[in-house]
Amino acid sequence: MSSPQAASTPSAKAAPPAGLPATAWAVAGAALILALVVGVMAWMSAHRAKQAMSSLLLEKGEAIITAVEAGARTGLRGHRRGAPADDRLQILLEEMAAQPNVLFLALTDGRGRLQLHSGSPDVGGRLWDEADMASLAPGCAPQWRIVEAPDGRQAFLVYRTYSPLAPHCSPAMRAQLGALPPHHEPAWCGMNNATCPDPSTGHALFVGLEIAPFDAARREDLRNTALLSLALLVLGGGGVGSLFWARDARQSRLLLARSQTLAAEALTQMPAGCLVLDPSGRIDRCNATAEAMLGRPCACGMDSIEHLPPVLAEAIRPVLQDGAPVDQELLLPHAGADPQPVQLTASAMPPAQGLPAGVLVILRDLTETKRLQEAVRRRDKLSAVGSLAAGVAHEIRNPLGAIKAAATFFRGQFPDHSDGDRMASLMLREVDRLNRVVGELLELGRPSDATLQEIAIHDVVERCISLLKFDFEQQNIAINNTIQEDLPAILGDADKLLQALLNLMLNAMEAMHRVEDRPRVLTLTARTELAGPARAVVLEVRDTGPGVAEEVLPTLFTPYVTTRPQGVGLGLAVVQQIMEAHHGEVRLANAIPGPGAVATLRFFNIVKDNP
């Protein structure tokens, strides 16, 4: 029996080729393992079937051998009555060979020569040569081999040493055989063997059985095993495939849920208003930004475009009807407030699985864009006015000096408090006022670039208060300065910021000069606030004057627009120009709660926080 060949072990695990997904390799590995398991089970089943059939045929052969030995003993007992024992055994072998599935029976000596054979012409010949006999090595226990029968057919050979008397002979049989004449004992009798005879000197009985039933049963068992293995393979493969299908389905559900969550989160966090309409015009999705623009919450799944502002519904309707995209500006009305400018973009979404998907509506707030556009237009206008004013101011300032000198001369020619003195004084005051206007015109015409360096807001405010302290005392105005020294430093031009603050504080002083029925208080505050990802420093100047008319507020920073009887309307325009040079912004509004107005300066160039 040959030893199995040792299987080689790979030194390293081969990496799967690139391009195949991990799931495919997992399925292939599971299928391979299942195939190996089924193959081992099939081999074990076939091996068990072979062993079962071998045991059955071996038992049958052993039963035939035992029957032959019993018949031989019976024949020996009749040997005394004159019937030769060899003849009786030959007849017995022939009769036994006539049984179904029995090919032959043969009795040989230790060298393989035939003593008896169910086919009598073969007696005296050789069934096996000495080498074959040595390899067969018959013993007391029955053995089997698959060999070629004398007629050329495959046979299931069962054999063992032939010992009809030892150790099964009864005392009566021995006594009867002991009375035989000398040399009448058959050569195969084995009277002297008390146990199993020696194979080299004794005899062996061979039974050849047909192997066709054995092969048929084995083929049937192999077929049944193959069908069972195939069923197991199909069921196991289906089970493994179902597991991976279930895993893929679960992953698909997770991916779908994640995509829906991301889409919902993106819709919620969008800075623009977003509406999703189904094909019938009902609102399917609506984010908080859109609700804020519409001024009301949306009942998703219930509200339709009829619940939207009419101007918006009319703009969306063509998209629902014929799918034509819309991109236009419109004004959304708001109760108690100015209409909100928005950019409307509406388009039909592509159909999914042959079904219409609806309409996607995007609303972008244009309020800040319009404000910036207005600021650009105002700046261009200021630049043009400034250039013109600078040229005019230079032409006016030169004769103003001569007029002022002449007025001063004439004032000295008249007695005090005379008509001539009063007229000369009026001329000097008007010349000074005109000179201030010319100065503001020149300031407006100069470039707005500022030399930015690190400055403290607190220091600029203190300097401005010291310059106007006497004027405030004369006007009986209290100053409430709450600005802390630890406010973060900014990048700015101290002189230009001082000029801006002077203009704002002078405007506040002039406004409070017209108030008699309440205290006059100028409050200065400063704080930091978030401006997107960074911070900004906010400076506020608040007065207790009468405030500003609502219709005038949008035009306050336009040159030559003023609410003061003696004002020119250039101070706030200059303040705005200075703040733009500092990359900041200025706002003026009525105080809430009142009375008075509040001017807000917002600086975005923070250098560092003071310790």
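Quick rundown of the values:
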read-out: Breaking point among (1) in a helix (DSSP H, G or I); (2) open to solvent by 30 Å² or more (accessible area, probe 1.4 Å); (3) at pLDDT 90 or above, for E473; value: (3)
read-out: S259 being farther than 30 Å from L330 by Cβ, modelled with pLDDT of 75 or more, open to solvent by less than 80 Å² (accessible area, probe 1.4 Å) and in a helix (DSSP H, G or I); value: no
read-out: Search result, residues across the stretch 590-601 that are within 50 Å of the chain's Cα centre (by Cα) and open to solvent by less than 40 Å² (accessible area, probe 1.4 Å); value: T600, L601
read-out: Residue ranges of strands (runs of 3 or more DSSP E) in the stretch 544-611 with at least 2 members at pLDDT 85 or above; value: 585-590, 597-603
read-out: Number of the exception - T66 against (1) in contact with a helix residue (DSSP H, G or I) (Cβ under 8 Å, 6 or more places away or on another chain); (2) open to solvent by less than 70 Å² (accessible area, probe 1.4 Å); (3) at pLDDT 70 or above; value: (1)
read-out: Selection count where residues are closer than 16 Å to V548 by Cβ and open to solvent by less than 20 Å² (accessible area, probe 1.4 Å), scope the stretch 487-504; value: 1
read-out: Output for the stretch 203-214, where each listed residue is at pLDDT 75 or above and open to solvent by less than 50 Å² (accessible area, probe 1.4 Å); value: H203, A204, L205, F206, V207, G208, L209, I211
read-out: Filter result for R285 (modelled with pLDDT of 75 or more and either over 29 Å from the mean Cα position of the chain (by Cα) or farther than 30 Å from P138 by Cβ (or both)); value: yes
read-out: Every residue from the stretch 276-318 that is polar (S, T, N, Q) and open to solvent by less than 60 Å² (accessible area, probe 1.4 Å); value: N287, T289, S304
read-out: Selection count where residues are assigned to a strand (DSSP E or B), farther than 15 Å from A272 by Cα and more than 34 Å from the chain's Cα centre (by Cα), scope the stretch 331-348; value: 6
read-out: Single match in V359, V342 (criterion: among the β-branched types (V, I, T), touching an Asp or Glu at 6+ places or on another chain (Cβ under 8 Å), surrounded by 16 or more Cβ atoms within 10 Å (Cβ to Cβ) and at pLDDT 80 or above); value: V342
read-out: Candidates R88, R48, R77, filtered to the one that is at pLDDT below 65, basic (K, R), more than 30 Å from A246 (Cβ to Cβ) and assigned to a helix (DSSP H, G or I); value: R77
read-out: Every residue from the stretch 95-133 that is open to solvent by 70 Å² or more (accessible area, probe 1.4 Å) and either of a type in the set (F, W, Y) or closer than 23 Å to A63 by Cβ (or both); value: E95, A98, Q99, P100
read-out: Matching residues, the stretch 511-530, being assigned to a helix (DSSP H, G or I) and hydrophobic (A, V, I, L, M, F, W, C); value: A511, M512
read-out: Exclusive hit being in a loop (DSSP other than H, G, I, E, B), on the phi > 0 side of the Ramachandran plot and at pLDDT below 85, set G190, G139; value: G190
read-out: Residue under evaluation M349, criteria (1) among the aliphatic types (A, V, I, L, M); (2) at pLDDT 85 or above; (3) open to solvent by 50 Å² or more (accessible area, probe 1.4 Å), criterion not met; value: (2)
read-out: Total residues in the stretch 317-340, condition out of contact with any helix residue (DSSP H, G or I) (no Cβ under 9 Å at 6 or more places or on another chain) and farther than 16 Å from L294 by Cβ; value: 7
read-out: Residue selected from the stretch 400-411 under the condition at pLDDT 80 or above and not aliphatic (A, V, I, L, M), by the criterion most open to solvent (accessible area, probe 1.4 Å); value: F409
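The values are calculated or read from the model by the stated rules, or taken from the named source; none is laboratory data. Just so it is clear, the structure is predicted and the values come from calculations on it, not from any experiment. We place every Cβ from the backbone using ideal geometry, glycine too, and count neighbours over all the protein chains shown. Note: accessible area is taken over every heavy atom of the protein model, side chains too, but ligands, DNA and RNA are not part of it. Shrake-Rupley method; radii C 1.70, N 1.55, O 1.52, S 1.80 Å.
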